[in-house]
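Visitor: Pasting a structure below so you can have a look.
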Amino acid sequence: MTGQKASKELRVAIAGLGSIGTKIASALDQGIEGLTLSAVAVRNPAKHQAFIGGLRRPPQIVPIEQLGEVADIVVECAPSSQLRAIVEPAVKRGKAAVVVSVGGLLDNFDLVDLARTNGGRIIVPTGALIGLDAVNAAAIGNIHSVKMVTRKPIDGLKGAPFIVENNIDIDNLREPLKLFEGTAREAAKGFPANLNVAVALSLAGVGPDRTSVQIWADPTVTRNVHRIEVEADSARFSMSIENIPSENPKTGLITALSVIALLRKQRATLCVGT
């Protein structure tokens, strides 16, 4: 690789400008080594015109299926129902897709094979979790069990399909209520806006069908709380994180920061962590 090619900036496009996408766009606009914000795709361009126009280098606005044409890395920050429409065109062109709605990836796992065939990549950020590098390392050996317990404030769980389908009233809770216990795959279907963390954990470790998940609605907490316990032949470890919700109560503030940290690694001279 010549010096000229090595110094070429990677173009980043973002699908969705909600609480996560806007923070990533602002960070790219302010400057991340070796990267530039080339394009965004939004459902209602007029709604985001002021934000986009306020950036130092406003990106072009394109339909989601065209993001892979104008970028080297496409960042998905949209509802999980849009995941395929965003990721498929990008990886077909051999580009990288950063997937935030990783729960939706389980229903579209053929995209991984599509990426492999075409030289593309699907990258899952750590998101609202902690210690995925330790889980990745343990998985090189033998992991015996992975358990996660999630506790969320009421507002962060409202509207989840599992709660609606089972007609569970969480509005008037005065003490913690265990809503769900099962696998990460089942949790992702029942709580698609809440349990991307469980799927990311499962993909780093023993898979979505062997990762155990509990979900609690907890009126006593104001943060999204995740506790993970891993038993492996190399180590036994537990991790706990309490995330401050963003403007969207279903999403932790640290999720956007995790994507920004991942993007910084793409061209960083010094890279720390596996």
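Visitor: Taking N as the number of residues in region 1-132, what is its Cα Rg relative to 2.2 N^0.38 Å?
Guide: For region 1-132, the normalised Cα radius of gyration comes out at 1.03.
Visitor: Take the alpha carbon atoms of region 7-31, find their center, do the same for region 100-139, and report the distance between the two centers in whole angstrom.
Guide: 20 Å
Visitor: Could you check how many percent of all C-alpha pairs in region 135-274 are farther apart than 20 Å?
Guide: The calculated P(r) of region 135-274 puts 50 percent of pairs beyond 20 Å.
Visitor: Once phi is turned into θ = phi - 60°, what whole-Hz ³J(HN,Hα) does the Karplus curve with 6.51, -1.76 and 1.60 give for every residue of region 264-273, x standing for Gly and Pro?
Guide: 4, 6, 4, 10, 5, 6, 10, 10, 10, x
Visitor: Could you list which residues have their amide H under 5 Å from that of SER234, counting only those 5 or more apart in sequence or on another chain, with H placed in the peptide plane?
Guide: ASN142
Visitor: What percent does the relative contact order of the chain come to when contacts are Cα pairs within less than 8 Å and at least six residues apart?
Guide: Relative CO of the chain lands at 19 percent.
Visitor: Quick one: if you take sqrt(5λ) for each eigenvalue of the C-alpha gyration tensor of region 68-111, what semi-axes come out, biggest first, whole angstrom?
Guide: 16, 11, 8
Visitor: Please compute the modelled spin-label separation between GLN30 and ASP107, points set 7 Å along Cα→Cβ, answer in nm with one decimal.
Guide: 3.5 nm
Visitor: Continuing with the same structure: Simple spin-label model, 7 Å along Cα-to-Cβ: ARG116 to ILE244 in nm?
Guide: Distance between label points: 4.2 nm.
Visitor: Among the listed pairs LYS47/LYS158; LYS147/LYS250; LYS47/LYS152; LYS8/LYS265; LYS8/LYS47, which are separated by more than 23 Å between their Cα atoms?
Guide: Distance filter (> 23 Å) returns LYS47/LYS158; LYS47/LYS152; LYS8/LYS47.
Visitor: Extent of region 61-214 along each principal axis, from alpha carbon coordinates, in Å, largest to smallest?
Guide: 51, 41, 22
Visitor: Output needed: percent of Cα pairs per 5 Å distance bin for the chain, bins running from 0 to the one holding the longest distance.
Guide: 1, 6, 12, 16, 18, 17, 13, 9, 5, 2, 0, 0, 0
Visitor: Let me ask something additional. Could you work out the relative contact order of region 1-132, using alpha carbon pairs under 8 angstrom and six or more residues apart, expressed as a whole percent?
Guide: It comes to 21 percent, rounded to a whole number.
Visitor: A further question on this structure: Hey, what did region 132-242 get for relative contact order, percent, Cα under 8 Å, at least 6 apart?
Guide: Relative contact order of region 132-242: 44 percent.
Visitor: Tell me, what ³J(HN,Hα) does each residue in region 213-223 have, in order and in whole Hz, if you take phi through Karplus 6.51 cos²θ - 1.76 cosθ + 1.60 with θ = phi - 60° and put x for Gly and Pro?
Guide: Couplings: 9, 10, 10, 10, 8, 9, x, 8, 10, 10, 10 Hz.
Visitor: Taking Cα centroids, how far is region 158-188 from region 189-251 in Å?
Guide: 14 Å
Visitor: Same structure again: Treat each spin label as a single point 7 Å out from the Cα along the C-beta direction, and report the HIS144 to ARG210 distance in nm.
Guide: 1.3 nm
The numbers here are math on the coordinates, done by the rules we state, and not lab data. As the structure is a prediction and not an experimental result, all values here were calculated from the model. In this analysis, Cβ positions are derived from the backbone assuming ideal geometry, glycine residues included, and neighbour counts consider all displayed protein chains.
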